[in-house]
1. Collect the residues in region 34-48 that are out of contact with any Pro (no Cβ under 9 Å at 6 or more places or on another chain) and outside any helix (DSSP H, G or I), keeping them in residue-number order.
2. Could you check how many residues of region 99-156 are of a type in the set (Gly, Ala, Ser), in a strand (DSSP E or B) and touching an Asp or Glu at 6+ places or on another chain (Cβ under 8 Å)?
3. May I ask you to say which residue of 185, 177 is loosely packed, with under 15 Cβ neighbours inside 10 Å and over 18 Å from residue 82 (Cα atoms)?
4. Kindly establish whether residue 96 is over 24 Å from residue 123 (Cα atoms), at pLDDT 90 or above and open to solvent by less than 70 Å² (accessible area, probe 1.4 Å).
5. Is it the case that residue 163 is more than 30 Å from residue 50 (Cβ to Cβ), assigned to a strand (DSSP E or B) and either open to solvent by less than 50 Å² (accessible area, probe 1.4 Å) or at pLDDT 95 or above (or both)?
6. Tally time: how many residues in region 212-243 are in contact with a Cys (Cβ under 6 Å, 6 or more places away or on another chain) and either among the β-branched types (Val, Ile, Thr) or over 18 Å from residue 172 (Cα atoms) (or both)?
7. Could you list, in sequence order, all residues of region 202-230 that are among the aliphatic types (A, V, I, L, M), assigned to a helix (DSSP H, G or I) and either open to solvent by 60 Å² or more (accessible area, probe 1.4 Å) or more than 17 Å from residue 26 (Cα to Cα) (or both)?
Amino acid sequence: MSLEERPRLALPLTAEGYAAANEAFRRCWSADREQVLSFLRAHPPQVGTEGMDVLGIGVGDGSFDLRLIETLRTLGGEVPLSYVALDPNQAQLDGFRSRVGGAARGTTGFTFLALRAEDYVPDRRFDLIHSIHSLYHMPGGEERLVRTWLEHLRPGGRLLIALSSERGGIYQLMQRFWNEIDYSFFTGGLFGQESLRALFERHGTAYDFELYPEVSIDVSACFEPDSALGRHLLDFLLQADLRRAPESLRQRVLESLEELSRVVEGRRLLPHPSGVFTAPAFSGAMK
């Protein structure tokens, strides 16, 4: 029986397992956080004196969102800020809530919603809607969601989206095991910065963007047999709970990871370029 004919292994991560995997990834990822914040400063939403409404899509544990809020404060001063934080992973959303004490932080009020982006119906318009490395997890709904987000921006508002390249290391690794691991939740294939750019251009939507080819992931811990960090990181790279996979599969994953990565100053790095996009409200929004 060929690989194409074998049943694919269903290895979904639990909410807690994904939270641990995501934390491991954040610790090992060189990230593009500073670049994204700098890009936001260069392309800010218009801020009125009455306040600012922000919608965060797939916010995770909120560690980046709090930095984004501080950036918005430097742009808009001390106007009241209403922040809707959306994430379907309750474990991560609870982490965000604990970071802000479940209440207002200064002049910022928070609403936490444990919902998928696909199930959320906006009840207002926003000055900023952002999806920072989360659109990958909304397969098949990307075009509809981007259109909805653009439609729910106020005049002068901004849509901010960060995505990795479809030529990045995680995508290449997942593609090697596409016929062995059940990735049916990625119904339309992997959606990265190239797909988003094509979507905007297909619909004539105005946008600005920056690409960051130097971004990488330190995967050294994956090759340390007793490393909990390496185990969780490997789960994130494959988007699968490899503890439930045959050891032979795990070993082939490590062999592929070794081929795709490179050693730089004693660390094994997996290239994973990223980029950030912004689109203004009502400027050729998708029809």
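1. Result: 44, 47, 48.
2. Summing the residues that are of a type in the set (Gly, Ala, Ser), in a strand (DSSP E or B) and touching an Asp or Glu at 6+ places or on another chain (Cβ under 8 Å) in region 99-156 gives 1.
3. After applying the criteria, what remains is 185.
4. no
5. yes
6. 2
7. Matches in region 202-230: none.
The values are calculated or read from the model by the stated rules, or taken from the named source; none is laboratory data. Here the structure is a predicted model, which is why all the values come from computation and not from measurement. Because the Cβ atoms are built from the backbone with ideal geometry, glycine has one as well, and the counts that use them run over all protein chains shown. For accessibility, only protein heavy atoms count, side chains too; no ligands or nucleic acids. Shrake-Rupley method; radii C 1.70, N 1.55, O 1.52, S 1.80 Å.
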